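One structure below.
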Amino acid sequence: MQTKAIFLPALAMVALTCAVWVRLYVVRIGQMRRDRIHPQAVATSSQAAAKLTDSAAADNFRNLFELPVLFYLALTVAALNGLANAATLALAWTFVALRALHSLIHCGYNRVMHRFIVYVAGALTLWALWVHLAIGLLRS
């Protein structure tokens, strides 16, 4: 398998993060215009939390910098150590799909238990990816 292929799921995660970022600003600027909120009135996170009520996209954007950090590192470890195999790629794409579904739920209808189930499935997939990499590293 080409090592470059392992970075395609990372590219998909970056695209997802960018899409949520755009959604965040569309929602935020829309609310600021609609409610006539002056930008200086939301200069700090506490001010923003008090005035900006639709925070799902902002919350999801922050989520995309939590577990995915370990995902990006896992792909780098896989590429640098010759562990970019079919199993690694399958786990990586599964994680991306679950994170995309999590974002759709979070930025959409935002049902907490649905979001939580998808989050846990994604987290378990990430931990499985790291176990797979650990086994590969210890064998080499």
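The values are calculated or read from the model by the stated rules, or taken from the named source; none is laboratory data. None of the values given here were measured: they were computed from a predicted structure. Cβ placement follows ideal geometry from the backbone for every residue including glycine, while neighbour counts extend to all protein chains displayed. Remember, those area values only see protein heavy atoms, side chains included, never the ligands or the DNA or RNA. Shrake-Rupley method; radii C 1.70, N 1.55, O 1.52, S 1.80 Å.
The table for this structure:
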| read-out | value |
| --- | --- |
| Residue check, ALA86 over 23 Å from LEU24 (Cα atoms), surrounded by fewer than 18 Cβ atoms within 10 Å (Cβ to Cβ) and at pLDDT 95 or above | yes |
| Number of the condition not met by HIS132 [criteria: (1) at pLDDT below 95; (2) under 26 Å from LEU8 (Cα atoms); (3) open to solvent by 50 Å² or more (accessible area, probe 1.4 Å)] | (1) |
| Yes/no for ASN60 being under 18 Å from VAL20 (Cα atoms), polar (S, T, N, Q) and at pLDDT 95 or above | yes |
| Failed item in (1) touching a residue at least 24 places away in the same chain (Cβ under 8 Å); (2) crowded, with 19+ Cβ neighbours inside 10 Å, with THR94 passing the rest | (2) |
| Within the range 1-46, considering residues that are open to solvent by less than 70 Å² (accessible area, probe 1.4 Å) and outside any helix (DSSP H, G or I), the one nearest to VAL77 (Cα to Cα) | THR44 |
| From the options ALA49, ALA78, residue that is surrounded by fewer than 16 Cβ atoms within 10 Å (Cβ to Cβ), among the small types (Gly, Ala, Ser) and part of a helix (DSSP H, G or I) | ALA49 |
| Residues satisfying the stated conditions in the range 52-75, i.e. surrounded by 17 or more Cβ atoms within 10 Å (Cβ to Cβ) and within 11 Å of VAL27 (Cβ to Cβ) | LEU52, ALA56, ALA57, ALA58, ASN60, PHE61 |
| First in the range 12-41 and more than 22 Å from HIS106 (Cα to Cα), second anywhere and among the basic types (Lys, Arg) and at pLDDT below 95, Cβ under 8 Å, 6 or more apart | ASP35/LYS51; ILE37/LYS51; ALA41/LYS51 |
| Qualifying positions in the range 52-69 - hydrophobic (A, V, I, L, M, F, W, C), under 30 Å from LEU91 (Cβ atoms) and not in a helix (DSSP H, G or I) | LEU64, PHE65 |
| Single match in LEU91, LEU52 (criterion: within 17 Å of LEU137 (Cα to Cα) and either at pLDDT 95 or above or more than 21 Å from the chain's Cα centre (by Cα) (or both)) | LEU91 |
| Hits in the range 109-127 - residues which are without any contact (Cβ under 8 Å) to a residue 40 or more places away in the chain and either charged (D, E, K, R) or touching a Phe, Trp or Tyr at 6+ places or on another chain (Cβ under 9 Å) (or both) | ARG111, ARG115, THR125 |
